[in-house]
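Here the structure is laid out as structure tokens; the discussion comes afterwards.
The values are calculated or read from the model by the stated rules, or taken from the named source; none is laboratory data. None of these values were measured; they are calculated from a predicted model. Cβ placement follows ideal geometry from the backbone for every residue including glycine, while neighbour counts extend to all protein chains displayed.
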């Protein structure tokens, strides 16, 4: 590449992993004399242009073994290639560490699907890099200890800079870890489909703010997809939520939690409804051949049609009752996140998620 040509990076980031990776790439590019811009993919930065860039990068996390729906829509709407432009993808996965062993996350279709879309749009593929940044899914596990975070981050910094060097040298770069993960990624693709259909909506209705919330509205202001509104003077998560965990991890009062007890009660309640089984049995009776071809998809669709209305109604009730301290305390104390560490990527804070492109 000619150093007079600019590089555009587009990143969707919840707790800062993807943004930090973009900054690492930018550092390498700037050191080599390139102009490199980092653009946040969110509701406040709807930029959809390639300008005169000869290299475009998309950096985002893995959600449900896919990429966030908002990031996928951004890529689907991205203009077709109008010049000899190359693209690369970086997918931040849930990296962990066991003693001295770094364990990788899983991408699922998070890289393969966008690569196919962008290739069909006429872009040349410069490379793809799974990046096993510290796992940030606070709804599932506590935030990692600082020592572990620093160790994983330092390793990923080296991986990212090595990838950037090769891409800038016009070397087509698909590291071994990407190629070795393909069989397993394909195997878990149905899980990604389930996440798209129902999982992401279910998770969106598990967040709540306890009575300790002071109404600062930082969560709503910084939400990348404008999924948080205020009802009864407290945050309310709509189905647009991407479960990126930004709100939970930047809340100055640590008031935002995942309602584990509430979610468990909903799952048990829905599974006990005989209506779902009756609908499924009716489909089997009416169209046995169709059901035999795709039983998993039909069962998932039935559950979705029942689950989402139930979640919407019960969640609205939950938000209303959380106005009362006694109820709010009960929900808060039955949430694992109330006791767990939070996570933001090193050097990243709420101020890092600015409104304008950096």
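For this structure, a couple of remarks:
- Scanning segment 160-174 for residues that are touching a helix residue (DSSP H, G or I) at 6+ places or on another chain (Cβ under 7 Å) and more than 16 Å from residue 31 (Cα to Cα) yields one hit, 173.
- Conditions (1) in contact with a helix residue (DSSP H, G or I) (Cβ under 8 Å, 6 or more places away or on another chain); (2) under 20 Å from residue 111 (Cβ atoms); (3) part of a helix (DSSP H, G or I): number failed by residue 129: (3)
- Those residues of segment 90-103 which are assigned to a loop (DSSP other than H, G, I, E, B) and surrounded by fewer than 16 Cβ atoms within 10 Å (Cβ to Cβ), in sequence order: 99, 100
- Odd one out for residue 140 among (1) loosely packed, with under 15 Cβ neighbours inside 10 Å; (2) free of Cβ contacts under 8 Å to residues at least 40 places away in the same chain; (3) over 25 Å from residue 207 (Cβ atoms): (3)
- Number of the exception - residue 22 against (1) out of contact with any helix residue (DSSP H, G or I) (no Cβ under 8 Å at 6 or more places or on another chain); (2) surrounded by 23 or more Cβ atoms within 10 Å (Cβ to Cβ); (3) farther than 28 Å from residue 149 by Cβ: (3)
- Here residue 170 clears all of (1) in the same structural domain as residue 255 (by TED's automatic domain parsing); (2) in contact with a strand residue (DSSP E or B) (Cβ under 9 Å, 6 or more places away or on another chain); (3) surrounded by fewer than 16 Cβ atoms within 10 Å (Cβ to Cβ) except the condition numbered (1).
- Of all residues in segment 187-217, those that are out of contact with any strand residue (DSSP E or B) (no Cβ under 9 Å at 6 or more places or on another chain) and without any contact (Cβ under 8 Å) to a residue 24 or more places away in the chain total 1.
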